[in-house]
Amino acid sequence: MKVRLPRRVLAIGSALALTFSLAACSGGDQGGGDASDTLVAETAFNLKTIDPHRQFEFTGSTIDTAIYQTALEFEDGDLTKPTDGLCSFEMSDDNKKMTLKLKQKDAKFSNGDPVTMDDVVFSFERLKGIKGNPSFFLDGVSIKKVDDETVELTSKKPNPALPYILPNASIGIVNSKVVKENDGTTDEKDGAEAFLNENSQGSGPYKVEKYDADSQVVLTANEHYNGPEPKYKRVVLRNVSAETQLTDIQSGQAQVAYDLNAEQAKQIDDSMGEIASLPSTRSLYIFNNTDEKIGGPAADPNFRKAVMSAIDYDKLTDLAGEGSQRMGSLVPNEFVGAVPKDQAPEQDLDKTKKLLKKAGYDGEKIPFHYSSDQAVNGVDLAQLAETLQAQLKEAGINLALKPAPSSTQLDGFRSAKQPMGIGTWGADYPDPTNYNVFIPGGSVADRVNWKSDPKLEKLAAEAEKAKEGDRDAAYAELYKATTDTAVWIPLVQPVNTVAVGSSINKYVSNADISFDFAKAE
Amino acid sequence: MSVSTTDSSTAHPPSSDEAQRIKPPLLPPLLRYILIRIGISLILIWGVTVVTFLMTNLVPTDPVAAILGDRAAADPEIVAATRERLGLDQPLIVQYFTYLSNLLQGDMGVSNQTRTPVLESIGQVFPASIELGIGAILISVIIGLLLGLASALKQNTILDHAIRALSLIGISAPTFWIAAVGYYVFFFKLRVVPGAGRLDPWITPPPRVTGLYTVDSLLAGQMSTFVNAFGHLILPSCVLALFTIGLLTRFSRSSVLDIIRLDYVTAAKAKGLPARTVVFKYIFRGALVPIITVVGLAFGSLLSGAVLTETVFAWNGLGQYAFRGATTLDLPVIMGVGLVIGIVYIIVNFIVDLIYGFVDPRVRVR
């Protein structure tokens, strides 16, 4: 049967074909926008809010770094030396009092209001009082305005970490007048979050144009910023999966991609862009429960040390990609108090054998928990767990893998009922005191039922008393002793990669600000 | 069983008046049919609220853990305050009735993660998925029906075999893989379609009327924005349509084959009508009725099944919103999306039932 298509069908088909071909040509269509002054950055969103005093996630922090200035900063990303930001600072000899003086007197918020000490005081008090995720930064710190240019921060106990805490994007300085007008308070009644998400109130190089926690956040240049005018007047930060980020960087569709893993990063050649590799501030480790009823063999120090000497650490750094590092403790290598890399645990299978014999381990299976859906700086935890299982099996240790979605796994770990597994820790601020939670009495030590260890408690007390130059050695000693217990087995410090497209000629990328939008050219 | 033989003899024979006065139905059959369908739909929607609430709340994990950072989670005061703020300290039944009563007032709750009202977020992302769904359904209906028709008319030829093989590939190929390969080939290598997203990043979306960028840009008279939005729609729609094309091709093929053998088609051919008229006016029209159901259900599944396609193309529609809600244990978001997708399915089924009711009078008197 011969069938000819009716004319109507043909007409509709031709019209569609014409529109399709028109649309297909629209790749370069500017559509009323201007591509040349827009920087497109892509990341898989981890975003709850950009209210600086509530945000505690990577994406929120990236955005707030561009919007808010902070009292102190890390110059050129040197995390061992906090420097002046909006304020200059001085610590008292006993590390209990910090005096801040307003330094950048020409700094202005995005509405043109000048930045005053009242704004600094309000920002500190709001962070502390609203009881959000980052409120702990100023726990035990009282804030007192001395005059229009001076503020005193007083801690009950010596607080040498304070200068390392203040550069955090969560302690951004907001325009107190406008925030108060929009239900901002310094207690739990605060209701300014929604306002701050839509209308940022900072004095940084950018301000928010459009906020959508699910799809994209658009920033525009703050015309009142007192620093150099950014080349890119607009920044579009989009929520895009890592696979699509790779294609977008390669094609020039995006200029910055945050989430490429080691394999994906290798696929970018010079014509497409380059990879800025930075040490991350994350630590990957094995946890062992010290309660015999829960941990079983893992509660035995000999068994734990056997596990520590059975691991092939070089293979783990290969897995984590170029730039990843061995760790002597959970403190990242660039921090004060880090245990030197040459003192990191080594593989020694003879030692493993002896220790297993001493522990009386008979090959029973030990449940090993981890987040199956999580990658930390490109290291897939499921792949890491499988690698460890294979390595330990060769040494005669049997792990029964217990994967779970990260939210479920976190819940299980916090309940302190898991014998063994993979833990991750990202530094809240670059100071060794941030790792006190791993010492008996700390909140993370509680999760493995590690209640006391007199030796470590003594070393911790000594480290707390140490003055500036001595802190490094005192904390290194404390954390070396912590590693020796093998309750936490440090595995690898992954690398932080940022892919930068070839259209960017000049950029600043460091461990403090992984990519500085305002300095890109 | 005893059978009475007296009834007919003892009963009054109906008078001619009574015989003519057959009781009229209380409602016209079509109206009655519609009302019953509305009632069933409402019960189903209530059922969806129960199921989504129970399934979401019986997950053996604590959403507070997903909200709080490590430090805050170690502070029992903050944990207790968060539980109270989210209403998680109440018994499950109380939580359900609070949820239901809020729902009846148009309140789907607030995202635990972003503190944004769920209804507002769904209002933002739903049009994106609708736009993608409409694009996909148009492509799949046009291509699927034509392929199915061609396959049936050329039954057991090479063309038929080729189309059947293609439809099998469409049904069985994983959408995520097709999406990734499609993006690489058509965007990165050939540059015939624009990149991910609903618009190029430097283009400002048109003023919101419907939330569909193609429609809104036309309403605002922004032709270049329309062309850009349309371009961005092509590849994800085609990828999403592949499965439905396969399904519709197979379904319409068998439907056409059923019709082709019926007497009225033979009669039409015997009358000497032109082949085109026989195919499009007799065979195709007859085959269309059962296909309506497939199209309706396919639309619902496109909305709920677009998660991976939306992820590859950074589409930020309902699928991606649901994915984020599920991975962050954002209970109000999970319940909200579950309810909306359930309602879409119910409405689509309701419309399909109505169309049947209009098209085929036998349905409404059953």
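The values are calculated or read from the model by the stated rules, or taken from the named source; none is laboratory data. Keep in mind that this is a model prediction, so the values were computed, not measured. Note that each Cβ is placed from the backbone with ideal geometry, even for glycine, and that neighbours are counted across all protein chains shown.
In the list B:Ile260, B:Ile234, which residue meets the criterion of being under 24 Å from the mean Cα position of the chain (by Cα), surrounded by fewer than 24 Cβ atoms within 10 Å (Cβ to Cβ) and within 12 Å of another protein chain (Cβ to nearest Cβ)?
Values: B:Ile260 fails: under 24 Å from the mean Cα position of the chain (by Cα).
Sole residue among the options that is under 24 Å from the mean Cα position of the chain (by Cα), surrounded by fewer than 24 Cβ atoms within 10 Å (Cβ to Cβ) and within 12 Å of another protein chain (Cβ to nearest Cβ): B:Ile234.
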**Request:** Find the residue count for segment B:237-257, including only residues that are more than 26 Å from the chain's Cα centre (by Cα) and over 24 Å from B:Asp160 (Cα atoms).
**Result:** 0
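Do you know which of the residues in segment A:70-105 that are assigned to a strand (DSSP E or B) and among the charged types (D, E, K, R) is farthest from A:Pro430 (Cα to Cα)?
Filtering segment A:70-105 for residues assigned to a strand (DSSP E or B) gives A:72-74, A:82-84, A:87-91, A:97-102.
Now restrict to residues that are among the charged types (D, E, K, R): A:73, A:84, A:90, A:97, A:101.
Numbers: A:Glu73: 12, A:Asp84: 16, A:Glu90: 19, A:Lys97: 20, A:Lys101: 23 Å.
Among residues in segment A:70-105 that are assigned to a strand (DSSP E or B) and among the charged types (D, E, K, R), the one farthest from A:Pro430 (Cα to Cα) is A:Lys101.
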**Prompt:** Hey, any hits in segment A:443-461 for a residue that's within 30 Å of A:Ser277 (Cα to Cα), touching a residue at least 12 places away in the same chain (Cβ under 8 Å) and within 14 Å of chain B (Cβ to nearest Cβ)?
**Reply:** yes
**Asked** Considering only residues of segment A:411-423 that are surrounded by 19 or more Cβ atoms within 10 Å (Cβ to Cβ), more than 10 Å from chain B (Cβ to nearest Cβ) and of a type outside the set (A, V, I, L, M), which is nearest to the chain's Cα centre (by Cα)?
**Response** A:Gly423
**Request:** Output yes when any residue across segment A:309-321 is at negative phi, modelled with pLDDT under 95 and surrounded by 22 or more Cβ atoms within 10 Å (Cβ to Cβ), and no when none is.
**Result:** yes
**Asked** Considering only residues of segment A:362-386 that are within 14 Å of chain B (Cβ to nearest Cβ) and surrounded by fewer than 22 Cβ atoms within 10 Å (Cβ to Cβ), which is modelled with the highest pLDDT?
**Response** A:Ser372
**Request:** Please find, within segment B:114-151, the residue that is farthest from A:Gln55 (Cα to Cα) out of those that are touching an Asp or Glu at 6+ places or on another chain (Cβ under 8 Å) and more than 9 Å from chain A (Cβ to nearest Cβ).
**Result:** B:Ser151
**Request:** Would you confirm whether any residue within segment B:159-182 is within 14 Å of another protein chain (Cβ to nearest Cβ), over 30 Å from A:Gln250 (Cα atoms) and not acidic (Asp, Glu)?
**Result:** yes
**Asked** Across segment A:178-193, what is the total count of residues that are in contact with a Ser or Thr (Cβ under 8 Å, 6 or more places away or on another chain) and either of a type in the set (Val, Ile, Thr) or free of Cβ contacts under 8 Å to residues at least 12 places away in the same chain (or both)?
**Response** 1
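Among the listed residues A:Asp84, A:Asp64, identify the single one that is at pLDDT 90 or above, buried (at least 24 other Cβ atoms within 10 Å of the Cβ) and not aromatic (Phe, Trp, Tyr). I'd like the intermediate steps shown before the answer.
On the way: A:Asp84 fails: buried (at least 24 other Cβ atoms within 10 Å of the Cβ).
So the residue among A:Asp84, A:Asp64 that is at pLDDT 90 or above, buried (at least 24 other Cβ atoms within 10 Å of the Cβ) and not aromatic (Phe, Trp, Tyr) is A:Asp64.
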**Fill in**
Across (1) of a type outside the set (A, V, I, L, M, F, W, C); (2) modelled with pLDDT under 95; (3) touching a Leu at 6+ places or on another chain (Cβ under 6 Å), A:Gln389 clears everything bar (2)
**Message:** Need the failing condition index for B:Val337 against (1) farther than 30 Å from B:Leu54 by Cβ; (2) away from chain A (no Cβ under 11 Å), just the number.
**Reply:** (1)
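Among the hydroxyl-bearing types (Ser, Thr, Tyr), over 22 Å from the mean Cα position of the chain (by Cα), at pLDDT below 95 and over 19 Å from A:Phe109 (Cα atoms): which single residue out of A:Ser215, A:Ser241, A:Ser251 fits that description?
Working: A:Ser215 fails: over 22 Å from the mean Cα position of the chain (by Cα); A:Ser241 fails: over 22 Å from the mean Cα position of the chain (by Cα).
Result: A:Ser251 is the single residue among A:Ser215, A:Ser241, A:Ser251 that is among the hydroxyl-bearing types (Ser, Thr, Tyr), over 22 Å from the mean Cα position of the chain (by Cα), at pLDDT below 95 and over 19 Å from A:Phe109 (Cα atoms).
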**Message:** Could you check segment A:25-48 and list, in sequence order, the residues that are farther than 19 Å from A:Ile249 by Cβ, at pLDDT 85 or above and either within 7 Å of chain B (Cβ to nearest Cβ) or in a strand (DSSP E or B) (or both)?
**Reply:** A:Lys48
**Prompt:** Can you spot a residue in segment B:189-196 that is closer than 28 Å to A:Gln245 by Cβ, small (Gly, Ala, Ser) and at the interface with chain A (Cβ under 9 Å from one of its Cβ atoms)?
**Reply:** yes
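Does A:Asn175 meet the test of being touching a residue at least 40 places away in the same chain (Cβ under 8 Å), closer than 30 Å to A:Tyr232 by Cα and within 14 Å of chain B (Cβ to nearest Cβ)?
Working: touching a residue at least 40 places away in the same chain (Cβ under 8 Å): yes; closer than 30 Å to A:Tyr232 by Cα: yes; within 14 Å of chain B (Cβ to nearest Cβ): no.
For A:Asn175, the condition - touching a residue at least 40 places away in the same chain (Cβ under 8 Å), closer than 30 Å to A:Tyr232 by Cα and within 14 Å of chain B (Cβ to nearest Cβ) - is not met.
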**Item:** Selection count, segment A:113-164, where residues are surrounded by 19 or more Cβ atoms within 10 Å (Cβ to Cβ), out of contact with any strand residue (DSSP E or B) (no Cβ under 8 Å at 6 or more places or on another chain) and either at positive phi or at pLDDT 95 or above (or both)
**Value:** 5
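Please go through segment B:163-190 and give me each residue that is surrounded by 14 or more Cβ atoms within 10 Å (Cβ to Cβ) and either hydrophobic (A, V, I, L, M, F, W, C) or in a loop (DSSP other than H, G, I, E, B) (or both), ordered by number.
Restricting attention to segment B:163-190, the residues satisfying the condition of being surrounded by 14 or more Cβ atoms within 10 Å (Cβ to Cβ) are B:163-164, B:166-167, B:170-171, B:173, B:175-176, B:178-180, B:182-184, B:186-188.
Scanning segment B:163-190 gives B:Ile163, B:Leu166, B:Ile171, B:Ala173, B:Phe176, B:Ile178, B:Ala179, B:Ala180, B:Phe186, B:Phe187, B:Phe188.
Among the helices (runs of 4 or more DSSP H) confined wholly to segment A:397-500, which include 2 or more residues that are modelled with pLDDT of 95 or more and among the hydroxyl-bearing types (Ser, Thr, Tyr)?
In segment A:397-500, A:468-485 are the helices (runs of 4 or more DSSP H) which contain 2 or more residues that are modelled with pLDDT of 95 or more and among the hydroxyl-bearing types (Ser, Thr, Tyr).
Restricting the search to segment A:230-244, which residues are of a type outside the set (Phe, Trp, Tyr), within 14 Å of chain B (Cβ to nearest Cβ) and either in a loop (DSSP other than H, G, I, E, B) or within 13 Å of B:Phe187 (Cβ to Cβ) (or both)?
Selection gives A:Lys233, A:Val240, A:Ser241, A:Glu243, A:Thr244.
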**Fill in**
Those residues of segment A:330-357 that are touching a Phe, Trp or Tyr at 6+ places or on another chain (Cβ under 8 Å) and within 27 Å of A:Glu263 (Cα to Cα) come to a total of 6
**Asked** What are the residues in segment B:73-113 that are surrounded by 15 or more Cβ atoms within 10 Å (Cβ to Cβ), at pLDDT 85 or above and either within 14 Å of another protein chain (Cβ to nearest Cβ) or in a helix (DSSP H, G or I) (or both), if any?
**Response** B:Gln95, B:Tyr96, B:Tyr99, B:Leu103, B:Val110, B:Ser111
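In this structure, does A:Lys96 turn out to be surrounded by 21 or more Cβ atoms within 10 Å (Cβ to Cβ) and either touching a Leu at 6+ places or on another chain (Cβ under 6 Å) or among the charged types (D, E, K, R) (or both)? Outline the logic, then answer.
Numbers: surrounded by 21 or more Cβ atoms within 10 Å (Cβ to Cβ): no; either touching a Leu at 6+ places or on another chain (Cβ under 6 Å) or among the charged types (D, E, K, R) (or both): yes.
No: the conditions fail for A:Lys96.
Got a sec? Which of B:Thr249, B:Thr293 is closer than 17 Å to B:Leu147 by Cα and away from chain A (no Cβ under 14 Å)?
Details: B:Thr293 fails: closer than 17 Å to B:Leu147 by Cα.
Just one listed residue meets the conditions, B:Thr249.
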**Fill in**
Per the list (1) out of contact with any helix residue (DSSP H, G or I) (no Cβ under 8 Å at 6 or more places or on another chain); (2) assigned to a loop (DSSP other than H, G, I, E, B), residue check on A:Asn510 breaks on (1)
**Request:** Identify the residue in segment A:245-269 that is surrounded by fewer than 24 Cβ atoms within 10 Å (Cβ to Cβ) and charged (D, E, K, R) and, among all such residues, is farthest from the other protein chains (Cβ to nearest Cβ).
**Result:** A:Lys266
**Item:** A:Ala400 vs. criteria closer than 20 Å to A:Asn288 by Cβ, crowded, with 17+ Cβ neighbours inside 10 Å and not polar (S, T, N, Q)
**Value:** no
